[in-house]
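The values are calculated or read from the model by the stated rules, or taken from the named source; none is laboratory data. All figures in this text were calculated on a predicted structure; none of them were measured in a lab. Virtual Cβ from ideal backbone geometry, glycine too; neighbours counted across all protein chains shown. With ligands, DNA and RNA removed, areas are computed over all heavy atoms of the protein, side chains included. Shrake-Rupley method; radii C 1.70, N 1.55, O 1.52, S 1.80 Å.
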Amino acid sequence: MRYKIVLSYDGTPFCGWQRQPNGNSVQAEVENAVFKLFGERASVTGSGRTDAGVHAVGQVAHFDCEKQLDDRNVVGGLNAYLPREIRVLDGGRTSPDFHARMGAIDKTYMYLMYTGKPLPPLNDRALCLGFEPNTERMADAARALLGTHDFSTFVAAGGGAKTFTRTVKRADIERDGRFVMFYINADGFLYNMVRIITAQLIKAGRGEQVDMPALIEKRDRAFAKELAPAHGLYLYQVNYGEYER
């Protein structure tokens with residue numbers, strides 16, 4: 001029996017999504033909760049890995065267990081065994097061919113910024129800029145990302161990607177009071193791609209010259225060395241089209 005779950009988590013205390021030999025991961029915590037609820041050891045497959053300190057609003061995962069539980073008991077049961085930093089928002093039985101990673105059509109990430117000085121409640125939740133950014137300049141730079149491009153300029157070493165072409169379907173800057181959100185949706189993401197792009201958008205917001213089309217054309221990380229901190233990044237949503245359940 002295959003189960004699908006939608007998770008939200010605070011990535012601060014974890015070494016990332018994926019199990020690690022040294023460090024507590026989100027995946028390990030979820031697998032432990034599955035074992036306690038179902039009485040079976042199961043490997044939990046996420047839609048993708050999030051790095052240490054990165055959060056999730058809508059991470060999606062699946063696992064296989066023989067025991068049958070209704071949706072309500074899956075959600076409530078797993079939450080009873082999970083730490084407070086991880087919550088199952090939705091879940092239940094799904095099609096046996098559903099695959100959280102392979103079936104994803106596209107994903108949306110959100111990077112959260114605060115324009116004021118550092119505030120303790122926002123520690124590890126948002127990047128405190130400490131200045132008032134020009135969001136119009138940020139939005140102009142973000143729009144240049146739309147479409148299908150080789151994003152070699154915006155990939156960090158160590159990701160293992162074989163190709164660097166991705167299609168960006170959304171790249172928006174939104175403002176809510178003193179908060180600025182960068183939303184980006186694509187059919188796939190390279191290692192640290194969103195954080196590298198965000199660093200360039202912050203430069204644009206500060207008034208520095210950022211020629212995003214030229215950066216894309218360079219296809220060289222040497223022209224975009226900055227990396228925004230992990231704690232402002234959220235895996236926001238994963239889309240599966242007709243395979244939503």
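Going residue by residue through the stretch 87-97, is there one that turns out to be under 15 Å from I184 (Cα atoms) and either open to solvent by 20 Å² or more (accessible area, probe 1.4 Å) or not aromatic (F, W, Y) (or both)?
No, the conditions are met nowhere in the stretch 87-97.
Please go through the stretch 1-48 and pick out each residue that is among the acidic types (D, E), within 21 Å of Y236 (Cα to Cα) and either without any contact (Cβ under 8 Å) to a residue 24 or more places away in the chain or not in a loop (DSSP other than H, G, I, E, B) (or both).
Answer for the stretch 1-48, where residues must be among the acidic types (D, E), within 21 Å of Y236 (Cα to Cα) and either without any contact (Cβ under 8 Å) to a residue 24 or more places away in the chain or not in a loop (DSSP other than H, G, I, E, B) (or both): just E29.
Based on what the data block shows, is G205 within 17 Å of E226 (Cβ to Cβ), open to solvent by less than 20 Å² (accessible area, probe 1.4 Å) and not aliphatic (A, V, I, L, M)?
The answer is yes for G205.
Residues V168, V180: which one is in contact with an Asp or Glu (Cβ under 8 Å, 6 or more places away or on another chain) and of a type in the set (V, I, T)? Walk me through how you get there before you give the answer.
Working: V168 fails: in contact with an Asp or Glu (Cβ under 8 Å, 6 or more places away or on another chain).
Only one candidate qualifies: V180.
When you scan the stretch 16-28, how many residues do you find that are in contact with a strand residue (DSSP E or B) (Cβ under 9 Å, 6 or more places away or on another chain) and open to solvent by 40 Å² or more (accessible area, probe 1.4 Å)?
Summing the residues that are in contact with a strand residue (DSSP E or B) (Cβ under 9 Å, 6 or more places away or on another chain) and open to solvent by 40 Å² or more (accessible area, probe 1.4 Å) in the stretch 16-28 gives 2.
Quick check on my filter: what residues within the stretch 37-47 are touching a Gly at 6+ places or on another chain (Cβ under 9 Å) and open to solvent by less than 20 Å² (accessible area, probe 1.4 Å)?
F38, S47
Tell me the residue from V54, V34 that is open to solvent by less than 40 Å² (accessible area, probe 1.4 Å) and farther than 30 Å from R195 by Cα, please.
None of the other options fit; the residue is V34.
If you take the residues of the stretch 135-159 that are over 18 Å from the mean Cα position of the chain (by Cα) and either at pLDDT below 95 or among the basic types (K, R) (or both), which of them is most open to solvent (accessible area, probe 1.4 Å)?
Going through the qualifying residues, I end up with R143.
For the stretch 160-192, what are the residues that are part of a strand (DSSP E or B), touching a helix residue (DSSP H, G or I) at 6+ places or on another chain (Cβ under 7 Å) and either under 18 Å from R101 (Cα atoms) or open to solvent by 20 Å² or more (accessible area, probe 1.4 Å) (or both)?
Filtering the stretch 160-192 for residues part of a strand (DSSP E or B) gives 165-176, 179-186.
From what is left, the residues that are touching a helix residue (DSSP H, G or I) at 6+ places or on another chain (Cβ under 7 Å) are 171-173, 175, 180, 182, 184.
Result: D172, I173, R175.
Pairs needed: first member in the stretch 178-191, more than 12 Å from Q237 (Cα to Cα); second member anywhere, basic (K, R); C-beta distance under 6 Å; at least 6 residues apart or different chains.
That search, which allows pairs on different chains as well, returns G188/R166.
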